[in-house]
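Have a look at the structure below, then the notes.
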Amino acid sequence: MAQDPLQLAQRAIAEGRADLAIASLRQLTECEHGNLAAWRLLGFACHEEQLEPEAAAALTAAAALDGRDVPTALALAQSSYLAGLPSVELFRRVLQLAPSDLVALRGLAAALAAEGQREKAVAVLLAALAAHPAWLEGHKLLATMRYTGGDTSQFAASYAIACAARPGDPALRMAWFRAVAQARDWGAAGRIIDEGEQLLGPEPMLLVARLFVASESGDAAQAERLFAKTASIDDPVRELALIRHCLRKGDLELAETIAVKRVNSASAALVWPYLSLIWRLVGSPRAGWLDGSPPYVHAFDLDFSPMELDRLTDLLRQLHTARSPFVEQSIRGGTQTDQNLFLRHEPPLRELKARIQKAVCAYVAKLPPPVPGHPLLGAVREDVLRGRVFFSGSWSVRLLGQGYNVSHTHPMGWISSALYLSLPSRERMGAPPAGWIQFGTPPAELGLALPPHLQMEPRVGRLLLFPSRTWHSTVPFADGERLVVAFDVRAPRGRAPLMSFNQGSRAP
């Protein structure tokens, strides 16, 4: 008995093979133009495959068949927004059908900002937050818009208003704390905790927040007291703060013990970079095991014609609309785009994505054989080697004279990158290594005497690929523009083996 093609497509999507579903659903919609379910499912399958322009086209056909279906209308608006297509009116249509849908309200605000109507976007969020003061996603988006728009002092004001209206809401208060802590405004963060303790009492989450502020602001004595007081609390924020605290004071043995316990937990992506620093500091062969010896950094020169470079750089400059970098990002003296570039519809970006996918396949093919438990080498690779490369994010960074990136890692990625598209002349850049990328640089605030283990000169058209867990930074340069595309490759699906090794400084 023949199986229902829609059920087969749904099964393929559930098994992570939406590409197979797309082929069958396209055949079905060609034969049955009025099959609403097939058009909807085709849109969802394209979305799963990160083909947002195709998803928007399929969902447009579905919406034409049923213009009052809210999930279809919302999916169409979201895919259009992600593809960089006009979406303001599409989100307004959703809100006509479902006036209280906060997901659609957030989408409308984001779409307005993306289409150059930032003040209207802020007004939409303020009105929604007045009615829904506990709406955390709305507060976060508003704070981001204000900060990147240049308001770096009052960007979190909506949280304060909401907490005054809802003084007993711990989730709201902690979201406010995280917003100001990301900006490293330790005084404001401390006041949020003080007020929270007066209203809520000695909550463990507030105690961990106070510990975090003490440790990161340099109050070592207060941090020591609070680490002892919170010893019974199993919290990843506390553990990460303790690792950093131990590194600052040189207690590498305790830092390693804590980090090793977390390598199979949900916070593994955050602790692996610290193990790299610890093992390099103690001279352990595990450092080479983790980072590669030489490091797992490979360069690929992508062939761009002058016309292709001009089209791409002109487009990227148009997308750099922010006045300040995102508060949580590593940029100093520049800006970053705020949408996933490789979901957009513009041909230069789609062509770039295809080239980069091929380079990622080549990078993975060059890696050593799989190593169980390794954050890079332990991942299941078969899908990537077949060309199925997906991205957890892609963006552009534009640095100007004296700009740089502080040392950081990419916890949302498996493989990360830097593709150089516009650089100052060597004379304007300054004496080497001005403007170069560095790998293995510890965060400056840890005060570690550890030099980079690799420095690389940027070249126009050169793509660097490296493990997302690798510390990397940019050396400040004298003058000019440094325009880069960066991305994180999503770890392939499939369960990788867990890490297992003994304590100490032996290689696994």
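If you check Val124 against the conditions, is it assigned to a helix (DSSP H, G or I), farther than 30 Å from Ser79 by Cα and not assigned by TED's automatic domain parsing to the domain that holds Thr335? Criteria not met by Val124. Checking each residue in the range 440-475 for being within 16 Å of Ser276 (Cα to Cα), more than 19 Å from the chain's Cα centre (by Cα) and in contact (Cβ under 8 Å) with a residue 24 or more places away in the chain picks out Gly440, Thr441, Pro442, Ala444, Leu446, Gly447, Leu448, Leu450, His453, Leu454.
Taking the listed residues Arg40, Arg68, Arg106, Arg11, the one that is free of Cβ contacts under 8 Å to residues at least 24 places away in the same chain, basic (Lys, Arg) and on the phi < 0 side of the Ramachandran plot is Arg11, with no other qualifying. Checked against the criteria, Asp151 counts as free of Cβ contacts under 8 Å to residues at least 12 places away in the same chain and surrounded by 15 or more Cβ atoms within 10 Å (Cβ to Cβ).
On inspection, Arg350 fails the criterion of being among the basic types (Lys, Arg) and in a loop (DSSP other than H, G, I, E, B). Among the residues of the range 402-421, those that are surrounded by 18 or more Cβ atoms within 10 Å (Cβ to Cβ) and of a type in the set (S, T, N, Q) comprise Asn405, Ser407, Thr409, Ser416, Ser417. Tell me whether the range 300-316 contains one or more residues that are in contact with a strand residue (DSSP E or B) (Cβ under 7 Å, 6 or more places away or on another chain), surrounded by fewer than 14 Cβ atoms within 10 Å (Cβ to Cβ) and assigned by TED's automatic domain parsing to the domain that holds Thr474. Yes, because at least one residue in the range 300-316 is in contact with a strand residue (DSSP E or B) (Cβ under 7 Å, 6 or more places away or on another chain), surrounded by fewer than 14 Cβ atoms within 10 Å (Cβ to Cβ) and assigned by TED's automatic domain parsing to the domain that holds Thr474. Scanning the range 438-465 for residues that are farther than 29 Å from Asp251 by Cα and in a strand (DSSP E or B) returns Met456, Arg462, Leu463, Leu464, Leu465.
Of the residues Pro492, Pro411, Pro432, which is under 23 Å from Gly333 (Cβ atoms) and part of a loop (DSSP other than H, G, I, E, B)?
Values: Pro492 fails: under 23 Å from Gly333 (Cβ atoms); Pro411 fails: under 23 Å from Gly333 (Cβ atoms).
Exactly one of Pro492, Pro411, Pro432 is under 23 Å from Gly333 (Cβ atoms) and part of a loop (DSSP other than H, G, I, E, B), namely Pro432.
Applying the condition of being surrounded by 15 or more Cβ atoms within 10 Å (Cβ to Cβ) and of a type outside the set (A, V, I, L, M) to the range 198-218 and asking which residue is farthest from Gln329 (Cα to Cα) yields Glu203. Every condition in (1) closer than 22 Å to Ala113 by Cβ; (2) part of a loop (DSSP other than H, G, I, E, B) is met by Pro370 except one, and the failing one is (1). Within the set Tyr296, Tyr274, the sole residue that is modelled with pLDDT of 95 or more, surrounded by 19 or more Cβ atoms within 10 Å (Cβ to Cβ) and assigned to a loop (DSSP other than H, G, I, E, B) turns out to be Tyr296. For the range 314-337, name all the residues that are outside any strand (DSSP E or B), modelled with pLDDT of 85 or more and touching a helix residue (DSSP H, G or I) at 6+ places or on another chain (Cβ under 9 Å). If the condition is that a residue be outside any strand (DSSP E or B), modelled with pLDDT of 85 or more and touching a helix residue (DSSP H, G or I) at 6+ places or on another chain (Cβ under 9 Å), then Asp314, Leu315, Leu316, Leu319, Thr321, Thr337 are the ones that fit.
Residue-wise test of (1) surrounded by 23 or more Cβ atoms within 10 Å (Cβ to Cβ); (2) of a type in the set (Phe, Trp, Tyr); (3) out of contact with any Leu (no Cβ under 9 Å at 6 or more places or on another chain).
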site	(1), (2), (3)
Gln96	no, no, yes
Asp101	no, no, no
Ala104	yes, no, no
Ala109	yes, no, no
Gly116	no, no, yes
Lys120	no, no, no
Leu129	no, no, no
Ala134	no, no, no
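Given the conditions (1) at pLDDT below 95; (2) touching a His at 6+ places or on another chain (Cβ under 7 Å), report the number of the one that Pro53 does not fulfil. It is condition (1) that Pro53 fails.
So that you can scan it fast, the table gives a plain yes or no per residue for (1) in the same structural domain as His408 (by TED's automatic domain parsing); (2) aromatic (Phe, Trp, Tyr); (3) closer than 29 Å to His453 by Cβ:
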position	(1), (2), (3)
Ala231	no, no, no
Leu240	no, no, yes
Lys249	no, no, yes
Val271	no, no, yes
Gly283	no, no, yes
Tyr296	yes, yes, yes
Ala322	yes, no, no
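At least 1 residues that are within 22 Å of the chain's Cα centre (by Cα) in each: list the helices (runs of 4 or more DSSP H) lying fully within the range 24-112 that qualify.
Details: elements: 36-48, 52-65, 70-82, 88-97.
Per the criteria, 36-48, 52-65, 70-82.
Of the residues in the range 374-401, how many are assigned to a loop (DSSP other than H, G, I, E, B) and either at pLDDT 95 or above or crowded, with 16+ Cβ neighbours inside 10 Å (or both)?
Step one: of the range 374-401, the residues assigned to a loop (DSSP other than H, G, I, E, B) are 374-381, 386-390.
Restricting the remaining residues to those that are either at pLDDT 95 or above or crowded, with 16+ Cβ neighbours inside 10 Å (or both) gives 374-379, 381, 388-390.
Going through the range 374-401 one residue at a time, the tally reaches 10.
Taken together, the residues in the range 30-50 that are farther than 18 Å from Arg11 by Cβ and either hydrophobic (A, V, I, L, M, F, W, C) or surrounded by fewer than 18 Cβ atoms within 10 Å (Cβ to Cβ) (or both) amount to 7. Take the conditions (1) closer than 18 Å to Tyr404 by Cα; (2) crowded, with 21+ Cβ neighbours inside 10 Å; (3) of a type in the set (Phe, Trp, Tyr); Trp436 misses just one of them, which is (2).
The values are calculated or read from the model by the stated rules, or taken from the named source; none is laboratory data. Note that the coordinates shown come from a computational prediction; the quantities given were computed from them, not determined experimentally. Note: ideal-geometry Cβ built from the backbone for every residue, glycine included; neighbour counts use all protein chains shown.
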